[in-house]
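What follows is a set of notes on a single structure, which appears directly below.
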Amino acid sequence: MKIVLSLNEKQRLYDYIDMGIDIFILGGEHSFHCPYHFALEEIAELTKQYPKCQFYVAVNALYDQHEIESLQNYLENLSLLSIHGLVFQDFGVLQMVKEKHYSFDMMYAPETLNTNANTLNVLEKQGVTSAFLSRVIPLEEQLTILKEVKMPLMLHAHGVEYIAASKRALLTNYQEASSLQFEVHGQNHLSLKAKDSQYLFRIFEDRKGTHIFSDSRLYTLDLFNHIHDFDYLYIETLMMSENEAIEIASLYSDALKSYEKGTYNRDVKEYMNLLYHLNTPLDRGFLFDQTVYKLEDMRKMDNEKRESNR
């Protein structure tokens, strides 16, 4: 089991490496909702300076026809660098890589689609070589898929969770329509809360569109006895400060070392105390959520809401 980190500060890369973390996902020119976008020159510099690390580049948007030529050139440039793999969700990216015979590990990372073993085993025959599991299915189902899939799998271990995204500039459009003044591009500036709900979201806009994520962080620091068979544990640093990212990476790195030494059951309480002292909102996401909504249940809930609003 290896820890994978989305890199948000290249200046702290050595700190992560010193912890034993050596697999990183980099945002770039064609990335979708990444904590930082690295230029090709920066990626080339990192691969040369840290040859023992594995760097993945996120090419994880859904692309329009007018972007294809630029995307092809970008993949060609990446193929000339010592990149270990690509994180993608658009099968056009996979097709381009196959046609050019690039040697990337192709990590398939749709936000919600990887929910069963059969699909992943078919995709493995089509050129997918590793994958993120969907974040919206229970841990029990993820563990079942893990046993039945032939490729390495990534578990989202810690960090904010994807809620929704749009290619439209929704915040800019709202600002123009409302005449309100606010900063649309900062990842931590704006929060969103649905009516009759206490659940808080973060919303921001960049050149790729509008993105909504949970305010709370999914955490699995105390679940290593259950998740130790996953090939990769992913720490999402989007919306984390530099200090939070360092502290979280250190906790998970220490927990993994403790598990491998056989002292995890003794040490985990202290790790959890340190996590709580960071004072960040924590959540289990869908890991233990077994609720299934049936159509008749949804209709009943809608009718009850209508009655209560009269």
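Looking at segment 133-148, is at least one residue of a type in the set (A, V, I, L, M, F, W, C) and without any contact (Cβ under 8 Å) to a residue 12 or more places away in the chain? Write out each step before concluding.
Residues of segment 133-148 of a type in the set (A, V, I, L, M, F, W, C): 133, 136-137, 139, 143, 145-146.
Next cut, without any contact (Cβ under 8 Å) to a residue 12 or more places away in the chain only: none.
Scanning segment 133-148, I find no residue that is of a type in the set (A, V, I, L, M, F, W, C) and without any contact (Cβ under 8 Å) to a residue 12 or more places away in the chain, so the answer is no.
Starting from segment 173-199, take each residue that is closer than 23 Å to Arg217 by Cβ and acidic (Asp, Glu) and list its partners that are part of a loop (DSSP other than H, G, I, E, B) and open to solvent by 50 Å² or more (accessible area, probe 1.4 Å), counting only C-beta distances under 9 angstrom and pairs at least six apart or across chains.
So the pair list comes out as Glu183/His189.
Identify the residue in segment 180-203 that is surrounded by fewer than 17 Cβ atoms within 10 Å (Cβ to Cβ) and among the basic types (Lys, Arg) and, among all such residues, is farthest from Arg306 (Cα to Cα).
The selected residue is Lys193.
Quick test of your reading of the structure: Leu123 fulfils all but one of (1) in a loop (DSSP other than H, G, I, E, B); (2) crowded, with 16+ Cβ neighbours inside 10 Å. Name the failing condition by number.
With (1) in a loop (DSSP other than H, G, I, E, B); (2) crowded, with 16+ Cβ neighbours inside 10 Å applied to Leu123, the lone miss is (1).
Return the pairs, sorted by first residue and then second, in which the second residue is open to solvent by 10 Å² or more (accessible area, probe 1.4 Å) and in a loop (DSSP other than H, G, I, E, B), the first residue lies in segment 210-227 and is free of Cβ contacts under 8 Å to residues at least 60 places away in the same chain, the beta carbons are less than 7 Å apart, and the residues are 6+ apart or on different chains.
Thr210/Arg168; Thr210/Ala169
A quick yes/no check of all residues on (1) modelled with pLDDT under 95; (2) closer than 19 Å to Met272 by Cβ; (3) in contact with a helix residue (DSSP H, G or I) (Cβ under 6 Å, 6 or more places away or on another chain):
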{"site": "Ser179", "(1), (2), (3)": "yes, no, no"}
{"site": "Phe182", "(1), (2), (3)": "yes, no, no"}
{"site": "Leu190", "(1), (2), (3)": "yes, no, no"}
{"site": "Tyr199", "(1), (2), (3)": "yes, no, no"}
{"site": "Ile203", "(1), (2), (3)": "yes, no, no"}
{"site": "Ser214", "(1), (2), (3)": "yes, no, no"}
{"site": "Leu223", "(1), (2), (3)": "no, yes, no"}
{"site": "Tyr232", "(1), (2), (3)": "no, no, no"}
{"site": "Ala249", "(1), (2), (3)": "no, yes, yes"}
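From the list His33, His66, His37, which one is crowded, with 21+ Cβ neighbours inside 10 Å and either free of Cβ contacts under 8 Å to residues at least 24 places away in the same chain or under 17 Å from the mean Cα position of the chain (by Cα) (or both)? Show your work before the answer.
Details: His66 fails: crowded, with 21+ Cβ neighbours inside 10 Å; His37 fails: crowded, with 21+ Cβ neighbours inside 10 Å.
After ruling out the rest, the residue left standing is His33.
On the basis of being open to solvent by 70 Å² or more (accessible area, probe 1.4 Å) and either modelled with pLDDT of 95 or more or closer than 25 Å to Tyr36 by Cα (or both), does Ser82 make the cut? Break it down stepwise before answering.
On the way: open to solvent by 70 Å² or more (accessible area, probe 1.4 Å): yes; either modelled with pLDDT of 95 or more or closer than 25 Å to Tyr36 by Cα (or both): yes.
The answer is yes for Ser82.
All but one of (1) open to solvent by 10 Å² or more (accessible area, probe 1.4 Å); (2) over 24 Å from Lys100 (Cα atoms); (3) in contact (Cβ under 8 Å) with a residue 40 or more places away in the chain hold for Ile21, so report the exception by its number.
(1)
Quick test for you: out of Asn77, Asn121, pick the one residue that is among the polar types (S, T, N, Q) and either out of contact with any helix residue (DSSP H, G or I) (no Cβ under 7 Å at 6 or more places or on another chain) or on the phi > 0 side of the Ramachandran plot (or both).
Working: Asn77 fails: either out of contact with any helix residue (DSSP H, G or I) (no Cβ under 7 Å at 6 or more places or on another chain) or on the phi > 0 side of the Ramachandran plot (or both).
From the options Asn77, Asn121, the qualifying one is Asn121.
For Thr172, state whether it is open to solvent by less than 60 Å² (accessible area, probe 1.4 Å) and outside any loop (DSSP other than H, G, I, E, B).
Details: open to solvent by less than 60 Å² (accessible area, probe 1.4 Å): yes; outside any loop (DSSP other than H, G, I, E, B): yes.
Considered against the rule, which asks whether it is open to solvent by less than 60 Å² (accessible area, probe 1.4 Å) and outside any loop (DSSP other than H, G, I, E, B), Thr172 comes out as yes.
Specify the residue that is modelled with the highest pLDDT; the eligible residues are those in segment 257-298 that are touching a strand residue (DSSP E or B) at 6+ places or on another chain (Cβ under 6 Å) and crowded, with 17+ Cβ neighbours inside 10 Å.
Thr280
Residues are listed down the side, and each one gets a yes or a no for (1) open to solvent by less than 80 Å² (accessible area, probe 1.4 Å); (2) over 26 Å from Ile3 (Cα atoms); (3) β-branched (Val, Ile, Thr):
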{"site": "Asn114", "(1), (2), (3)": "yes, no, no"}
{"site": "Ser130", "(1), (2), (3)": "yes, no, no"}
{"site": "Glu140", "(1), (2), (3)": "no, no, no"}
{"site": "Ile145", "(1), (2), (3)": "yes, no, yes"}
{"site": "Lys150", "(1), (2), (3)": "no, no, no"}
{"site": "Glu205", "(1), (2), (3)": "yes, yes, no"}
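Could you say which residue among Ala177, Ala165 is open to solvent by 20 Å² or more (accessible area, probe 1.4 Å), outside any strand (DSSP E or B) and small (Gly, Ala, Ser)?
Numbers: Ala165 fails: outside any strand (DSSP E or B).
Ala177 is the lone residue from the list that is open to solvent by 20 Å² or more (accessible area, probe 1.4 Å), outside any strand (DSSP E or B) and small (Gly, Ala, Ser).
I'd like the full set of residues that are polar (S, T, N, Q) and either under 23 Å from Asn73 (Cα atoms) or in contact with a strand residue (DSSP E or B) (Cβ under 7 Å, 6 or more places away or on another chain) (or both), limited to segment 88-125. Working first, answer last.
Going residue by residue through segment 88-125, those that are polar (S, T, N, Q) are 89, 95, 103, 112, 114-116, 118-119, 121.
Answer for segment 88-125, where residues must be polar (S, T, N, Q) and either under 23 Å from Asn73 (Cα atoms) or in contact with a strand residue (DSSP E or B) (Cβ under 7 Å, 6 or more places away or on another chain) (or both): Gln89, Gln95, Ser103, Asn114.
The values are calculated or read from the model by the stated rules, or taken from the named source; none is laboratory data. Computed from a predicted model, the values in this text were never measured in an experiment. All Cβ positions, even for glycine, are placed from backbone atoms using ideal geometry, and neighbour counts span all protein chains on display. The area values use the complete protein model at the heavy-atom level, side chains included, leaving out ligands, DNA and RNA. Shrake-Rupley method; radii C 1.70, N 1.55, O 1.52, S 1.80 Å.
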